[in-house]
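Asker: What follows is a single structure, and I will ask about it in a moment.
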Amino acid sequence: MVLKNKAPAAVILSVRAFKALLDEMDDPRMETVARKRLRSLSSVKTANHRAMMRRFAGE
């Protein structure tokens, strides 16, 4: 921790620790977005697995 006038001013982290912290912060946000999308999901606009495979895998 870096102090300025005896108060915390900054934190020094390794790149690995910083990336891990960012990943941890992103997870709850992604979950929130996913939950919002699920609530507004319309079954008219969805496709089941078999339909997706036919469309994209040529099955």
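Asker: Within the stretch 37-51, can you find the residues that are loosely packed, with under 10 Cβ neighbours inside 10 Å and in a helix (DSSP H, G or I)?
Answerer: Hits for the stretch 37-51 are Arg37, Leu38, Arg39, Ser43, Val44, Lys45, His49, Arg50.
Asker: Are any residues in the stretch 10-21 surrounded by fewer than 10 Cβ atoms within 10 Å (Cβ to Cβ) and outside any loop (DSSP other than H, G, I, E, B), and if so, which ones?
Answerer: Selection gives Ala10, Val15, Arg16.
Asker: Moving on. Would you mind telling me which numbered condition in (1) modelled with pLDDT under 90; (2) surrounded by 10 or more Cβ atoms within 10 Å (Cβ to Cβ); (3) not in a helix (DSSP H, G or I) Arg54 fails?
Answerer: Failing condition for Arg54: (3).
The values are calculated or read from the model by the stated rules, or taken from the named source; none is laboratory data. Keep in mind that this is a model prediction, so the values were computed, not measured. For neighbour counting, all protein chains shown are included, and Cβ atoms are generated from backbone atoms with ideal geometry for every residue, glycine included.
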